[in-house]
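Quick note: the coordinates plus some simple rules give every number you see, no bench work behind them. If you're wondering where the values come from, they're calculated on a predicted model, not measured in any experiment. Note that we place each Cβ from the backbone using ideal geometry, even for glycine, and neighbour counts take in every protein chain shown.
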Amino acid sequence: MRSSSSAESSYSELPAPVVKQRFKNGPEKKKSSGFRVARHTRRIAANIVPNLAETSGADLEAMEQSLLVAEDADVSSISEWELDFCSRPILDARGKKLWEIVVCDNRRQLQFACFYPNNVINSVTLRDALASIVETLGVPKPEKIRFFRSQMQTIISKACKELDIQPVPSQRCITLVRWLEERYETVYRRHPGFQEGATPLSLQEQALPLDLPDTLRGEQWTFVQLPLSGVLEELEAVERGAMFGSVLDLDTLGIDLSSDIMIPGVAVASSRATPLAAWTNALELASIEVDIQRSCLILSTGVADRWRYAFYRKSRQADAEGEAWESAKKSSGGLHFLAVQESLDSELCTGFWLLIDVQRSPV
């Protein structure tokens, strides 16, 4: 992916370069039709939301659940799940908050939701629910389960480890958060026990960014942009295992953009590009943002980790370029990417991560 420009930026000191295209354009791809096309699903259990205002304490221990799987889904290929286990803005007949376990994969081929009273909130309840999904569907246990609430890490980690599943704290639960947004409007708000204005458990102060470990530091960096068609080509290479990286299912997320829209990104060059990409891939990359005040790029990883990823020499022009890059992100629905290369003029990447500005869960 060779650039037509020779302008480069020091990874730590030189001014940020102007936004320019540094990647070789590939052939255009058909624009995605979007996920909103009707899907056929097989109902495993009724999707029932009980009226908890009329439910006794004893009955709360046997809540109805919903478990859906796409009719055309290859469930044996679903190796990673996304999980939320948290209270909801709904009070039961005892005046106590109702809790819910919600599970899906990144394409929502698998969907599970079940309500629980607050007196059974423990790792055993979660472990049994996860085991029940596997048993009911006859699917293999997932290799990983991602979750985005640090407050629930102890319970989730214990339940997963008892099932020999790797728990992964991550903000990359994008599909799950989008589904929670839907459930907030279609399920929670419609319940008579709904509590308007309840504070989500996930709300917490943003951590101060830390210095980046040396193993994750490149030698040069630059702002770049790439047509969506080109981004999709890079993602295909990631899915084939030709390079390190991570993808997002744009159809499932309802992101329907023109193939020629420019997606902003950051390219990092290193003489040790392959090990740098491998180390970077070990993180749960969430997003990159420009911090004008600190004159640097902030990389968000895991659930709440933030790193000072790259710096530029402060100037009006550099700040304006950072603001232009952030504006380009908004124009592309928050999509952006990180690319690792041997040099900024290289035609190949050793790592490519599609990122998106993470939205907070509504609950």
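Consider a paramagnetic label point 7 Å from the Cα of residue 274 along Cα→Cβ; state which residues of the range 323-363 have an amide N under 20 Å from it.
Backbone N within reach: 339-353.
Starting at the first residue of the range 287-298, write each ³J(HN,Hα) from the Karplus equation 6.51 cos²θ - 1.76 cosθ + 1.60 with θ = phi - 60°, in whole Hz, x for Gly and Pro.
Those phi angles translate into 6, 10, 9, 8, 9, 4, 5, 8, 6, 7, 9, 10 Hz.
Please list, in chain and number order, the residues 5+ apart from residue 99 or on another chain whose amide H is under 5 Å from its amide H, with Hs placed from the backbone.
Excluding prolines and chain starts, which carry no amide H, the hits are 88, 116, 118.
Once a ≥ b ≥ c are taken as the square roots of the eigenvalues of the Cα gyration tensor of the range 297-363, is the result rounded (a/c under 1.5), prolate (a/b larger than b/c) or oblate (a/b not larger than b/c)?
Because a/c hits 1.5 or more and a/b fails to exceed b/c, the range 297-363 counts as oblate.
From the square roots a ≥ b ≥ c of the eigenvalues of the alpha-carbon gyration tensor of the range 187-316, which class results: rounded (a/c under 1.5), prolate (a/b over b/c), or oblate?
Oblate is the answer for the range 187-316, as a/c is 1.5 or above yet b/c matches or exceeds a/b.
Tabulate in residue order the Karplus-calculated ³J(HN,Hα) for the range 135-147, using 6.51 cos²θ - 1.76 cosθ + 1.60 with θ = phi - 60°, rounded to whole Hz; enter x for Gly and Pro.
Going residue by residue, I get 5, 5, 8, x, 9, x, 4, x, 6, 9, 10, 8, 8 Hz, with x marking Gly and Pro.
Starting from a Cα-only point model with no solvent, please compute log10 I(q)/I(0) by Debye for the range 260-325 at q = 0.12, 0.15, 0.18, 0.25 1/Å.
Result of the Debye calculation: -0.37, -0.58, -0.80, -1.17.
Once amide H atoms are built 1.01 Å from N in the peptide plane, which residues 5 or more positions from residue 168, or in another chain, come under 5 Å H to H?
Those lying under 5 Å, H to H, from residue 168 are 145, 146, 147.
Report the trypsin sites (Lys or Arg not before Pro) located in the range 187-247 that are in a DSSP loop and have at most 13 other Cβ atoms inside 10 Å of their Cβ, or state none.
Passing both the DSSP loop test and the Cβ count: 189, 190, 240.
Going by Cα centres, the range 62-110 and the range 124-176 are how many Å apart?
After rounding, the separation between the Cα centres reads 11 Å.
I'd like the Karplus ³J(HN,Hα) series for the range 219-227: coefficients 6.51, -1.76, 1.60, θ = phi - 60°, whole numbers in Hz, and an x wherever there's a Gly or Pro.
Rounded to whole hertz, the list is 10, 9, 8, 7, 6, 9, 8, 8, x.
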